[in-house]
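Quick notes on the structure that follows.
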């Protein structure tokens with residue numbers, strides 16, 4: 001009887017250690033995936049910010065150049081603003097769903113990607 005109780009107690013402790021270890025592994029894997037996704041998103045935001053700064057400076061330059069050509073600086077800014085408004089409308093009405101799906105798929109891929 002005492003032998004059975006030792007076996008059961010030993011089995012209980014091993015099971016308890018196994019569950020604790022499995023939970024710790026799960027926490028570490030979750031942390032790894034979270035940091036991978038977060039770092040991927042942060043890098044993309046940084047790259048997008050740099051690209052937007054380049055577009056802003058380019059837009060200012062083109063606006064000033066067009067303004068000089070039209071003898072009124074504000075006309076250059078209006079033309080460039082109208083250009084970006086048209087681009088925004090096209091993106092919103094024709095490419096919004098594609099861009100949203102592309103971003104969603106990218107995030108899902110990063111989360112579900114098996115780390116080899």
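The values are calculated or read from the model by the stated rules, or taken from the named source; none is laboratory data. These numbers come from a predicted model, not from an experiment. Glycine also receives a Cβ, built like all others from the backbone with ideal geometry; neighbour counts cover every protein chain displayed.
How many residues are out of contact with any helix residue (DSSP H, G or I) (no Cβ under 6 Å at 6 or more places or on another chain) and surrounded by 11 or more Cβ atoms within 10 Å (Cβ to Cβ) when one looks only at the stretch 77-89?
Applying the first criterion (out of contact with any helix residue (DSSP H, G or I) (no Cβ under 6 Å at 6 or more places or on another chain)) to the stretch 77-89 yields 78, 81-89.
Narrowing the set further to residues that are surrounded by 11 or more Cβ atoms within 10 Å (Cβ to Cβ) leaves 78, 81, 83-84.
Matching residues across the stretch 77-89 total 4.
Quick one: which of 110, 114 is exposed (fewer than 12 other Cβ atoms within 10 Å of the Cβ) and modelled with pLDDT under 85? Spell out how you get there, then give the answer.
Values: 110 fails: exposed (fewer than 12 other Cβ atoms within 10 Å of the Cβ).
That would be 114, the only listed residue that is exposed (fewer than 12 other Cβ atoms within 10 Å of the Cβ) and modelled with pLDDT under 85.
Among the candidates 15, 35, single out the residue that is under 18 Å from residue 113 (Cα atoms) and loosely packed, with under 11 Cβ neighbours inside 10 Å. Lay out the reasoning, then the answer.
Details: 15 fails: under 18 Å from residue 113 (Cα atoms).
When all the criteria are applied, what remains is 35.
Since residue 100 meets every condition but one in (1) over 14 Å from the mean Cα position of the chain (by Cα); (2) surrounded by fewer than 11 Cβ atoms within 10 Å (Cβ to Cβ); (3) closer than 30 Å to residue 30 by Cβ, which condition does it not meet?
That leaves (1) as the condition not met.
Is there any pair with a first residue in the stretch 19-41 that is more than 14 Å from residue 107 (Cβ to Cβ) and a second that is part of a helix (DSSP H, G or I) and modelled with pLDDT of 90 or more whose Cβ atoms are under 7 Å apart and which are 6 or more apart or on different chains, and what are they?
Pairs found: none.
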